[in-house]
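Notes follow the structure.
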Amino acid sequence: SDPHLVERARAAKARLGDKVFVLGHHYQRDEVIEFADVTGDSFKLARDAAARPEAEYIVFCGVHFMAESADILTSSRQQVILPDLAAGCSMADMASAEQVAECWDVLADAGVADVTVPVSYMNSSADIKAFTGRHGGTICTSSNAQRALEWAFSQGEKVLFLPDQHLGRNTAVRDLGIPLEECVVYNPHKPGGGLTAEQLRNARMILWRGHCSVHGRFSLESVEDVRARIPGVNVLVHPECKHEVVSAADHVGSTEYIIKMLDAAPAGSAWAIGTELNLVRRLAKAHPDKQIVFLDKTVCFCSTMNRIDLPHLVWALESLADGKTVNRIEVDAETEHFAKLALEQMLALP
Ligand code: CIZ
Ligand code: SF4
């Protein structure tokens, strides 16, 4: 990256000192990760921010819903900054507050809302987290989705899983042994979600029709191709991948799981990884003794994650160092209150 920009980022960070804490998501560009005080998945980063109350500014190098979660979990004195406001998440955008309220009405009309517990993936807007808290549900991450679903089924007969249908389906079928036929997909673009009242009554898992535009693109063919190309390869994918991809893989887990698995892998082993490309490239560089390839060459970076680049980071840091707050992400008090209930439920999971 541009040495002049690197120098400016360094200087602005030095001027800010302990007043700033920079978080870098695993899917961020190398040029940005270089300036992160800590790296992690979205939940770990929100907790890391909360553990730094002396930092007045939390610069979140990640996407919008992650900055919202950090704002919810940090004190109101701390300001959470997203270096580019256009860094959203297509999956989180697939469930709006209005659509989810309408879905709840559809469930009520079918007579199942009372026995349904919402479980929302961390990758959702603060509004969806608040909806979840209002209706006695929980948030989950890809590391604790199984425990979240087990808890939800101890509270009710059905789960409404938002917004990633793949994580919901993979966890229900693989980890809880729920038959595929008992999973239905609620399509917010169709009247009544495209489901009959009878289908809703017979279902155990009601999956929101959302997906990740990166992980959802890995295909069964890509798994078969890599197995043909690299004999003995271990296929390791994220649970946001389609059910058929996850079923064909050797190992499935969150980004933190993928990182640990590769740390523990023996020298000389071969791995095909189905997660975001920035992370896969970084892992390949960090493990020159292992063969690490990207699962599917037709899949690309997460375009919104990549919006955070060095120029945006420099601009944010220099503005803050000049005493000017830019791109603050602030969740309103009521939304924060209910979203926090759902996040605290996750922290209290058995
Ligand atoms: O797909 C993503 O954006 C992930 C895995 C986010 C996170 O860190 O939870
Ligand atoms: Fe959203 Fe997928 Fe990008 Fe993650 S990788 S921010 S889930 S679009």
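Summary of computed values
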item: Most fluctuating residue given options Glu157, Glu198, Glu102, as computed from a GNM of the chain linking Cα atoms under 10 Å; result: Glu198
item: Residue exposure sequence - Trp271, Trp208 - by fewest surrounding Cβ within 10 Å; result: Trp271, Trp208
item: Packing-based exposure ordering (other Cβ within 10 Å, fewest first) of Thr171, Thr298; result: Thr298, Thr171
item: Residues Glu336, Glu318 arranged by fewest to most Cβ contacts within 10 Å; result: Glu318, Glu336
item: Mean Cα-pair separation over length for the range 121-178, i.e. relative contact order, pairs under 8 Å, 6 or more apart, %; result: 35
item: Overall Cα dimensions of the chain - principal axes, largest extent first, Å; result: 63, 55, 35
item: Built amide H within the under 5 Å cut-off of Val235, gap 5+; result: Asp250, His251, Ala272
item: Estimated dipole of the range 126-280 in Debye, rounded to 20 [Cβ of Lys and Arg +1, of Asp and Glu -1, Cα centre]; result: 340
item: Cβ-defined net charge surrounding Ile206, 12 Å radius [Lys, Arg +1; Asp, Glu -1]; result: +3
item: Net lengthening on full extension, Ala108/Ala14 (0.36 nm per residue, minus Cα-Cα); result: 28.3 nm
item: In nm, spacing of pseudo-spin labels at Lys190 and Val6 (7 Å Cα→C-beta vector); result: 5.3
item: Alpha-carbon gyration tensor eigenvalues x 5, square-rooted, for the range 137-275, Å; result: 30, 17, 12
item: Inter-label distance, nm, simple model (7 Å from Cα along the C-beta direction), Glu344/Ser154; result: 1.9
item: Sparse-neighbourhood loop sites, GluC sites (Glu not before Pro) in the range 1-91 - DSSP loop, at most 11 other Cβ within 10 angstrom; result: Glu54
item: Local electrostatic count, Ser96, Cβ distance below 10 Å [Lys/Arg +1, Asp/Glu -1]; result: -4
item: Electrostatic dipole magnitude of the chain [Cβ: Lys, Arg +1; Asp, Glu -1; Cα centre; debye, to 20]; result: 620
item: Shape call, the range 92-211: gyration tensor on alpha carbons, a/c limit 1.5; result: rounded
item: Length-normalised contact order for the chain - Cα pairs under 8 Å, 6+ apart - percent; result: 23
item: Exposed-site-free run, longest, the chain (rule: trypsin sites (Lys or Arg not before Pro); DSSP loop; at most 11 other C-beta within 10 Å); result: 78-296
item: Set Lys19/Lys340; Lys158/Lys190; Lys13/Lys290; Lys297/Lys340; Lys44/Lys290 screened for pairs whose C-alpha atoms are more than 31 Å apart; result: Lys13/Lys290; Lys297/Lys340
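Throughout, read-outs are computed from the coordinates displayed, never taken from laboratory work. Not measured: the values here are computed from a predicted model. Using ideal geometry, Cβ is built from the backbone for each residue, glycine included, and neighbour counts are taken over all protein chains shown.
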